[in-house]
Every structure is written in structure tokens, then in C-alpha cells.
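I have placed the structure first, in the form of C-alpha cells, so that the comments after it can refer back to it.
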């Protein structure tokens, strides 16, 4: 019980910010920005004026780490792999090329800009997969700092806001059909709420296609998280070897049991269950809502732990990284559609 009382103040503050963010999201006539991004910015604003510390610190850390991992586990239940692959097969080719662009191009661009690999890959994941959800899923896997998460979320959010306006204009200028535009928006725009807003701003049919493609992209979280888990394990192992003076120190410094991201197994188990067991739609919907709220709480805690001063130290380079990768994805997705004869 002592631990519960120790983390309770920070957890309650994060939940309060999350509820406020969801309320503000509900006031928007169009869902241009998700509650997770709103919660993170509210938290950062609070941190700017009153830096949370003392009794709040343990709960904020618990929410940004433990609660986030539990939210990712629950998210797995909403990923019915069989259904999404069936309805989204036509977009898989485009998605493969955009993911290669994000992580391949992102690697070289990140190195050229001098960004640490964690921040660079969080931005690439947010751009290539599904915005905040992908960033939130990968961050605990690679032990990313809260400032890296905040910067990655900010970079993808700013691009999304521009694309909601620019995509329908560009689509009409090129005379794109509803299906072609939906696939383009679904593979090139980042966050789910932004994809939906962009698609339905073009037409109802385009919005349906964009949402379907977006669901297919979300599946990329699964292999991406697994890959980054093994990358992190390898890095930890090499660090342990480098620090060891002899073979005895290595065993003490490196333990797969201690550093393996076990929440990934829960996430995969939930996705597998959703794919083979007929779960009632009401249960899936309730689980998804709970997962989303817990994720908003976690992003609120990350915002409360993030200082604008710390973000300013990184300068404009992360934003530039996000802009370049996002622009490349837009172009690559369009070129692949042209090659497939969809445009």
C-alpha cells in the first residue's frame, strides 16, 4: 500500500490532465489533433511555470513508464491482423516503400544532422507508422528520454497540421480519385486523427479508404517494436562487454531477463488473440478506449516531465529531420501509386 500512496499524486495529476485534454479534443469541430498531443503540450506548459517534483515525481515516472507499457499491451487487442490484411492488401506495396524511406532515409538524415539514434528513429517511426502510437510503443523499448518522445511527437504533429490543409488541395490539383487519394493520405499522413481529417476533407469515400489504409499501417508497430527490442538488447550487451574487465563482470552487468521489454510479449499475445478468437465488438471497443486513455495519461506525464529549456538545447535539427522524412514519404507514396497505375 505504501507504494500506491507514493505514486498516487502523480498518477492523479496525469489523469486530470488527460481528462482535460480529452475534453478539449471533444470541443473541436473536426478532430485535427489527438488528445495525446494536447495532453503532452498541457503538461509541458505546466512544467514551464511549475516544475513538478517532490511527491509528484514517483507517480509521473510510474505513469510515463509502467502505465504506458500497459496501454501498449491493451492496444494489441484492437489489431486484428487477419481482417486488416484482407481489407488493406492494396496498400501494402505503398506502405513497404514508405517504411523503407522512413527508416532507411531517416538513418542517414539523422546521422547527417547529428541526432542521437533514439530520437531519429522515434521521428521515423512516428512518420512511417502511426504518429503518437508508434512513438509511444517504441519509446520504452529503447529506453528513450521523455524529451526525445516530446520532440518526436512535436515534429510529427506540426507536419500533420500542414498536411490536413495541403493534401486535399494537392489531390484535387492532380485530379486524384477517391481510392488513390485515400491510399496516399493513409500512407503519408502520420497520426490517426489527422489521417481521418485529411481523408474526409477530400470526400467520404476517400476518408473510408484512408482509414482502412491507416489500420494496415498500424500493424507495422508489431515487427518494428520487435526489431528495436533486439537492437536495444544488442546495444546493452555490447555496453556490458565494453565495461567488463574480465568474463565475470559481464554476467553481472548484462542480463536479458532484466532488460528485455517483456511488455512486448503481452502486446503480441493480445494481437494474436484478437486475430484468432471472435471477441465481441463491445469488448474490443472498450479495451481500445481504455488503452487510448491510458496512453493520453502517459503522454501527459511525459509532458509534465519535459522542460522547454531541455528541448531548446536540441535546436531546430529534430524538426528539420521530421520535415525531410515527411516530405520524402509524401513523394515516395505518390510515385509508387503512379507506378501501380492508381494515379
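Derivation of every value follows stated rules applied to the coordinates shown; laboratory data play no part. Model, not experiment: these values are computed from the prediction. A quick note on method: Cβ atoms are made from the backbone with ideal geometry, for glycine too, and the neighbour counts reach across all protein chains shown.
Descriptive notes on the structure:
- Ranked for footprinting exposure by Cβ neighbours inside 10 Å, fewest first, 191, 143 give 143, 191.
- If you run the Gaussian network model on the chain, springs between alpha carbon atoms under 10 Å, then out of 34, 315, 76 the most flexible one is 315.
- Efficiency of FRET from Cβ geometry, residue 166 and residue 203, R₀ 25 Å, rounded to 0.05: 0.90
- Taking 0.36 nm per residue of sequence separation and removing the Cα-Cα distance, the residue 230/residue 335 pair yields an extension gain of 34.6 nm.
- Point-to-point label distance, residue 277-residue 108, nm (Cα→Cβ direction, 7 Å offset): 4.6
- Gyration tensor analysis over the Cα atoms of the chain returns equivalent ellipsoid semi-axes of 32, 24, 21 Å (largest first, whole Å).
- Two-site FRET efficiency, residue 61 against residue 82, from Cβ-Cβ distance with R₀ of 35 Å, rounded to 0.05: 0.40
- Summarising the label geometry, the points placed 7 Å from Cα in the beta-carbon direction at residue 8 and residue 239 lie 3.5 nm from one another.
- Selected from 276, 149, 96 as most flexible by GNM, with the chain as the system and alpha-carbon contacts under 10 Å: 276
- Residues 25, 204, ranked from the fewest to the most other C-beta atoms within 10 Å, line up as 204, 25.
- Sorted by Cβ neighbour density within 10 Å, fewest at the top, the residues 95, 161: 161, 95
- Two-site label geometry, residue 92 and residue 265: point separation in nm, points 7 Å out along Cα→Cβ: 2.9
- Relative contact order for the chain, counting Cα pairs under 8 Å that sit 6 or more residues apart, in percent: 35
- Residues considered: 177, 43, 186. Largest GNM mean-square fluctuation over the chain, using C-alpha springs under 10 Å, is found at 177.
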